[in-house]
């Protein structure tokens, strides 16, 4: 997979997205979120289940942004594109072709990674429960991004309190 590594399979965890700061963060400096809620196993199982007859359900229940791992987002976007084009029985070679057409196949780990996704998938588990779990993690990431933006707006004296409150009301909807 080149310089990228396959996402590890593990229990729910937080995924590092930025290097942690070595310096002490002072009162006027917002602290960057360095870990984002994710469940890479659940993401892999949802993608693998798409190859086992659950792609239509998955695309009805999930969006690419519900996946924390960038490669998983690309794979799901390719699956969704195929389903949107009328495909109902999604197979690894079809997704590999779509990813190759987009120039993303190598970036996600190649066709071998797609084949690995279906390994160990318990297809009896309903996509609805899997999707619910992934959406919960995605919502936690969205909330963390909003909290970082709120802190930035609150500390930025050029941004009025009224503007910040209006933004917050908009985000809360």
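Computed log10 I(q)/I(0) for segment 46-116 at 0.14, 0.27 Å⁻¹: -0.33, -1.38, from the Debye equation with unit scatterers placed on every C-alpha and solvent omitted. Each peptide in 95-101, 72-78 receives the mean, over its residues, of other Cβ atoms within 10 Å, and ordering these scores from highest gives 72-78, 95-101. Put simply, when 104-115, 53-64 are sorted by average Cβ atoms within 10 angstrom per residue, most first, you get 53-64, 104-115. Using 0.36 nm per residue and subtracting the Cα-Cα separation, the extra length available between residue 147 and residue 135 on full extension is 2.5 nm. Working from label points 7 Å from Cα in the Cα-to-Cβ sense, the residue 106 to residue 154 distance is 4.5 nm. For the peptides 135-144, 164-173, residues were scored by their other Cβ atoms within 10 Å and the scores averaged per peptide; the highest-first order is 135-144, 164-173. For segment 76-173, what are the per-bin percents of Cα-Cα distances with bins 5 Å wide, up to the bin holding the maximum? P(r) over segment 76-173, rounded to whole percents: 2, 10, 13, 13, 13, 12, 9, 10, 9, 6, 2. Modelled spin labels at residue 56 and residue 85, positioned 7 Å past Cα toward Cβ, are 1.8 nm from each other. Among 127, 94, sorting on how many other beta-carbon atoms sit within 10 Å of each Cβ, with the fewest leading, yields 94, 127.
Just so you know, all these numbers are worked out from the coordinates, no wet-lab data involved. Values in this document were obtained by computation on a predicted structure and should not be read as measured data. Here Cβ is always computed from backbone atoms with ideal geometry, including for glycine, and neighbour counts include all displayed protein chains.
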